[in-house]
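Every number in this text was worked out from the coordinates using simple rules, so none of it is lab data. Note that the coordinates shown come from a computational prediction; the quantities given were computed from them, not determined experimentally. All Cβ positions, even for glycine, are placed from backbone atoms using ideal geometry, and neighbour counts span all protein chains on display.
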Amino acid sequence: MARFTDKVVLITGGGSGLGRATAVRLAEEGARLALVDVSEAGLADTLAALPGGTEAHTVVADVSKDEDVDRYVTETVAKFGRIDGFFNNAGIEGKQNLTEDFTSAEFDRVVAINLRGVFLGLERVLKVMREQGSGYVVNTASVGGIRGIGNQSGYAAAKHGVVGLTRNSAIEYGQYGIRVNAIAPGAIWTPMVENSMKQLDPENPRKAAEEFIQVNPTKRYGEAHEIAAVVAFLLSDDASYINATVVPIDGGQSAKY
Ligand code: NAD
């Protein structure tokens, strides 16, 4: 039997990249989906990519806003009655700059979405899961949450914070049958990474991308479906004794930094 038959999975950042690939993977395994994103167009494209017959509900919401998070959780429970899996994934890359040039406004913007947004999701969804007595969570951190990369004050602070939130909530909620883990993707080819390359070299982002990946032992970018496979594992009963971990999915890159 498919691992996610009758399971309800909530995905933030479901309108692109890793969120979309995970939505497709979970739907292929039978999940019913609640998909959250600021981009209505992105959500529509994800719906179009899902296998026919998938039960999916979309919510246009900003994960950094309390009232939007209330709404996406309330709508998911109203529609499906429960939340079995939560992929707490929405995020932005932020500007790349030396710390002295980063600006506090940009720091606040990145942390609001990448860290506060993850906390707000945990705050609401863990309550639902505790009341139902089960549930699995995967938060999206980054290699930039377990190693220093440079020029990313806001992103580094937020993603290290996501690792902290993961460990904290995992040890709190393990007793309620809830597991909380994080993934630490390396360079995965999505619109976010394409934007980062445009920042590195606006004239020739393709060249920047080729140079950037040379640090990776595999000499290639990861693909979103390679993240989706691991998220599906962590959100399934196959990972029943994995809790509070941070799983690098990076072709070995984090071993080198
Ligand atoms: P992406 O840009 O393709 O997708 C991110 C999605 O999040 C977009 O659909 C965007 O509209 C949405 N989003 C942005 N701000 C939002 C907000 N405030 N509220 C709701 N939705 C919002 O990027 P991706 O590569 O799929 O990134 C997904 C996650 O993976 C992010 O947290 C990112 O930091 C993390 N990550 C990505 C990589 C990579 O190489 N692609 C590496 C490490 C970590």
Are there any helices (runs of 4 or more DSSP H) wholly within the stretch 153-257 with 1 or more residues that are among the polar types (S, T, N, Q) and surrounded by 14 or more Cβ atoms within 10 Å (Cβ to Cβ), and if so which? 153-173, 191-200
Quick one: in the stretch 44-84, of everything that is among the small types (Gly, Ala, Ser) and within 16 Å of the ligand (Cβ to nearest atom), which residue is surrounded by the fewest Cβ atoms within 10 Å (Cβ to Cβ)? Ala48
Being in contact with a strand residue (DSSP E or B) (Cβ under 7 Å, 6 or more places away or on another chain), without any contact (Cβ under 8 Å) to a residue 40 or more places away in the chain and away from the ligand (no atom under 14 Å from the Cβ) is the filter here, so list the residues in the stretch 27-43 that pass it. Ala27, Leu33
Across the stretch 89-107, what is the total count of residues that are within 16 Å of the ligand (Cβ to nearest atom) and without any contact (Cβ under 8 Å) to a residue 24 or more places away in the chain? 1
Go through the stretch 198-222 and report how many residues are on the phi < 0 side of the Ramachandran plot and in contact with a helix residue (DSSP H, G or I) (Cβ under 8 Å, 6 or more places away or on another chain). 13
What strands (runs of 3 or more DSSP E) completely inside the stretch 1-80 contain at least 1 residues that are within 19 Å of the chain's Cα centre (by Cα) and basic (Lys, Arg)? 32-37
Might you let me know whether the stretch 182-197 holds any residue that is away from the ligand (no atom under 12 Å from the Cβ) and in contact with a helix residue (DSSP H, G or I) (Cβ under 7 Å, 6 or more places away or on another chain)? no
Checked the stretch 3-26 for anything surrounded by fewer than 22 Cβ atoms within 10 Å (Cβ to Cβ) and within 11 Å of the ligand (Cβ to nearest atom); matches are Ser16
So Ala228 clears everything in (1) closer than 21 Å to Arg147 by Cα; (2) within 18 Å of the chain's Cα centre (by Cα) except one condition, right? Which one? (1)
Inspect all residues belonging to the stretch 205-225 and state whether any of them is under 20 Å from the mean Cα position of the chain (by Cα) and among the hydroxyl-bearing types (Ser, Thr, Tyr). yes
